[in-house]
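Everything on this sheet refers to the single structure shown next.
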Amino acid sequence: MRIKPFCLIPLFSLVFFACGEKMVVKPYNEGLHIIPEPERITQQTGEFVLNPNTLFIIDNDTLDAVAGYFKYKIKQSTGYQLADGQEAERNYIRLALDTTLNLKEEGYKLAVLPEGIWVRSQSPQGIFYGMQTVMQLLPAEIESGQVINNIVWAMPCVEIEDEPAYSYRGMMLDVSRHFHDVAFVKKQLDIMAMFKLNRFHWHLTNDHLWTIEIKKYPRLTEVGSVRRNADGSIHKGFYTQEQIKEVVAYAAERFITVIPEVELPGHALAALTAYPELSCTGGPFQLRNKWGVEEDVYCAGNEQTFKFLEDVINEVASLFPGKYFHIGGDECPKVRWNACPKCRKRMRNEKLKDAHELQSYFVHRIEKVVLAHGKRMVGWDEILEGGLAPTATVMSWRGEEGGIEAASMGHDVIMTPAKWLYLDFGQGNIEVEPITINFKTLLSKTYHYNPASEKIPAEQRSHVIGAQGNMWAEYAVNPDHTEYMLYPRLLAVAELTWTPADRKDYASFERRLDNQLVRLDEHHIHYHIPLPEGPMADRVAIVGPDTLSFSNSRNLPMVYTLDGSEPAVHSKRYSAPIVVDGSQTIRIATLLSSGKMSRVRTIEVVKEPLWPSYKERTEPGVSLMYAEGDFYFVKDTENAAWKDEKIVDDFNLKPVLEDKGAFCYTGYFDVPQDGVYYVSTEMDELQIDGKLVLSNDGKLVRHSHTRTSLALEKGKHAFRLLFINNNIGGYPRIWNNKGFVMAGKGEDFQTPVTLFHEVTKRV
């Protein structure tokens, strides 16, 4: 068997011989490991072995494409060119349409016998899903894109009857914050198909990029697809209509429907930058280079706006044959509408009592355009405000409330509440995971979500047609980072939308996941492996003997070293807190059953004396100074002319977003008793007792992500805190928490209770 690069030492469980060569079965290939878990499955005795003479038998020409899809995949990994056959008593894979089956259209029956495999369904789509299950019964290496020798392609004999709990099983990809090319999109469609997800929601437009070619309005991509970031770099990208068609066809081959989203009436700044006459003010505009919500939106009082959107929808709808068209409808500020004469006139003429009803009017007009193309309109739950359009399907993201309300009204609902199904949320503790918009949504939390809220009347619960995992891309800046956030939580979405709630079992899911992660490896997916958590910083100060405890979110084994070397599969297993009594380096990583490891976490243990406290007299309050200038990095402030010095009570600085310049706090904070303290800041730089302890210079930081620890004597300690009003990676520092926070070991971070300045400091 080929040894994957990450398998430093193979982990064997069963050894046997075939054709004179030693074979091995990896532990992750033992047993059943199907995701999503089938509705009913019975394991039988015996096995079926795939070999070069296995025949594909189909009873209907409509299954030619399905058979061809899997013959190609099988050839890639096995080298077998499986032939078609008319009939066979042994060694066959039979695909058959059977309209008598008492199953949903996407359901299937599968029988694996020693003599052959039989997949039956009412539809080609059901056959496709049955064959995906067949692939999951084979060793995980069946997903390889290269031929693998010295492996027996055997699967256990089973009988399966299976159908999805929900008809809508989706994933959304945002390409308007950070663009992803066609190859990346196709790669995700391949994975979606493996796990029986059937809706790809493509978020194509926003304030930050317009990413779809509209031939009638070329400036949408000439201007609207190019963003200048705050640091001067350029981010750009869009899809031609030919590329859109290519992706749609690729998805259709995998029985995935692509749903386009064109945002309106808000999140429209990319379009307004190209065509400012569609706004309330007339511009000029530039694409938003910071995250959040833009006040400039489509003008609801301008008929030209509706003509433009009708033209756009006409072109977009023709590219997507599916029945859904997503219009956004979320986070539309009403500031411009309330001030706009055209919008106020529209409200008077249409007898609308406020701007919320104006938004409802806007959405109702767009609904008619969508319906004219034979499609159903989908919108985020804000489209409920002011009155819901008659045929609208609601995607509930701000919680379940919008979905509950819409379903209770008899509208179809797709559940995607942020708390459970926003896959851009962090997957672990702040000190180990990359920057995200929120923390934390563990794999287990996503898995346990139930779309069918009990708050929906039982007779209306059928209006919940499914659920969707959303991948927003503010902080997912490249393909690897995006996949790191998507997987394996997307597999949890697959199971919660396919498997009946009473069949779900998280412990079983975790076991089955071992095998599925190897399949993701074969597709070069950069998935998340839980990192060792415990110490609240990677620098851990000690003043005497101490213990460091580690854990991870899936209770996976961890390996570590104390000699500075990189941990490997057979490094010492973590089983108890590590005792430390001097300066040393701990390197620790989480280990999967395949032999693959997480990123190594490096902990620098530093034994140091208590930093002495300041003994002179002080007074309450801290000094704050300001320097004008267009600063971006700390070095830019080296020759700054600091002025406007004043004594303030706390860190509650409130400059406006557009203010340029830098702010500097100096003073003292009180340490209640001798000991080790963790400190953290979201500002640019923190010095304590004249030493630089934290630097966020040029780094995207939020949620007190950067941390260190220090041994501090009881009493007052000096600090210098630098804040530059800059925009790093789309996130203005002004949005961050001000000041710094501290905590004792195992305590919660808090702002220092008491702040001081030197008694000689003048106000």
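The values are calculated or read from the model by the stated rules, or taken from the named source; none is laboratory data. Note that the structure is predicted; figures quoted are calculated from it, not measured. As a convention, Cβ positions derive from the backbone with ideal geometry for all residues, glycine included, and neighbour counts pool all protein chains shown.
Here are some conditions: (1) over 23 Å from Ala154 (Cβ atoms); (2) under 38 Å from the mean Cα position of the chain (by Cα). Thr99 meets all but one. Which one does it not meet?
If we test Thr99 against (1) over 23 Å from Ala154 (Cβ atoms); (2) under 38 Å from the mean Cα position of the chain (by Cα), just (2) comes out false.
Can you give me the number of residues within the stretch 93-132 that are of a type outside the set (A, V, I, L, M, F, W, C), touching a strand residue (DSSP E or B) at 6+ places or on another chain (Cβ under 6 Å) and part of a helix (DSSP H, G or I)?
Counting residues in the stretch 93-132 that are of a type outside the set (A, V, I, L, M, F, W, C), touching a strand residue (DSSP E or B) at 6+ places or on another chain (Cβ under 6 Å) and part of a helix (DSSP H, G or I) gives 3.
Which of the residues spanning the stretch 45-90 are closer than 22 Å to Glu161 by Cα, out of contact with any helix residue (DSSP H, G or I) (no Cβ under 8 Å at 6 or more places or on another chain) and either modelled with pLDDT of 95 or more or of a type in the set (Val, Ile, Thr) (or both)?
Thr45, Gly46, Glu47, Phe48, Val49, Ile57, Ala67, listed by residue number.
Within the stretch 31-55, how many residues turn out to be in a strand (DSSP E or B) and surrounded by fewer than 21 Cβ atoms within 10 Å (Cβ to Cβ)?
10
For the stretch 594-606, indicate whether the set of residues that are closer than 30 Å to Thr547 by Cβ, more than 40 Å from the chain's Cα centre (by Cα) and at pLDDT 95 or above is non-empty.
Among the residues of the stretch 594-606, not one is closer than 30 Å to Thr547 by Cβ, more than 40 Å from the chain's Cα centre (by Cα) and at pLDDT 95 or above, which makes the answer no.
With the requirement that a residue be touching a residue at least 40 places away in the same chain (Cβ under 8 Å), within 13 Å of Leu50 (Cβ to Cβ) and in a helix (DSSP H, G or I), what does the stretch 72-92 give you?
Lys73, Ile74, Ser77, Thr78
Restricted to the stretch 457-487, and to residues that are in contact with an Asp or Glu (Cβ under 9 Å, 6 or more places away or on another chain) and part of a loop (DSSP other than H, G, I, E, B), which residue is nearest to Leu520 (Cα to Cα)?
For the stretch 457-487, the residue satisfying everything is Ala476.
Exactly one condition in (1) in a helix (DSSP H, G or I); (2) among the β-branched types (Val, Ile, Thr); (3) under 23 Å from Gly402 (Cα atoms) is false for Val316; which is it?
(3)
In the stretch 112-125, which residues are closer than 25 Å to Gly46 by Cβ and crowded, with 19+ Cβ neighbours inside 10 Å?
Passing the criteria: Val112, Ile117, Val119, Arg120, Ser121.
If the Cβ limit is 7 Å and pairs must be 6+ apart or interchain, which residue in the stretch 266-282 that is under 14 Å from Val223 (Cβ atoms) pairs with which residue that is among the polar types (S, T, N, Q) and assigned to a helix (DSSP H, G or I)?
Matching pairs, first to second residue: Glu277/Gln304; Leu278/Gln304; Leu278/Thr305.
Yes or no: the stretch 670-678 includes at least one residue that is hydroxyl-bearing (Ser, Thr, Tyr) and at pLDDT below 95.
No, the stretch 670-678 contains no residue that is hydroxyl-bearing (Ser, Thr, Tyr) and at pLDDT below 95.
Check the stretch 533-546 and report whether any residue there is under 30 Å from Arg512 (Cβ atoms), at pLDDT 95 or above, not β-branched (Val, Ile, Thr) and not assigned by TED's automatic domain parsing to the domain that holds Ser444.
yes
May I ask you to list the residues in the stretch 559-576 that are closer than 16 Å to Leu548 by Cβ and either touching a residue at least 24 places away in the same chain (Cβ under 8 Å) or outside the structural domain of Gly595 (by TED's automatic domain parsing) (or both)?
Val559, Tyr560, Thr561, Leu562, Pro567, Tyr574
Give Ser704, Ser709 a once-over and let me know the one that is at positive phi and among the polar types (S, T, N, Q).
The unique qualifying residue is Ser704.
Does any residue in the stretch 503-527 that is on the phi > 0 side of the Ramachandran plot come within less than 7 Å, Cβ to Cβ, of a residue that is surrounded by fewer than 19 Cβ atoms within 10 Å (Cβ to Cβ) six or more places away or on a different chain, and which pairs are these?
So the pair list comes out empty.
Residues Gly534, Gly595, Gly629: which one is within 27 Å of Gly690 (Cα to Cα) and touching a residue at least 12 places away in the same chain (Cβ under 8 Å)?
Gly629
Could you say whether any residue in the stretch 709-730 is farther than 23 Å from Glu433 by Cβ, in contact with a Lys or Arg (Cβ under 9 Å, 6 or more places away or on another chain), hydrophobic (A, V, I, L, M, F, W, C) and not in a strand (DSSP E or B)?
No, the conditions are met nowhere in the stretch 709-730.
Identify the residue in the stretch 133-179 that is of a type in the set (Ser, Thr, Tyr) and within 17 Å of Met192 (Cα to Cα) and, among all such residues, is surrounded by the fewest Cβ atoms within 10 Å (Cβ to Cβ).
Ser167
State all residues of the stretch 517-567 that are assigned to a loop (DSSP other than H, G, I, E, B) and among the basic types (Lys, Arg); if no residue qualifies, say none.
Across the stretch 517-567, the qualifying residue is only Arg554.
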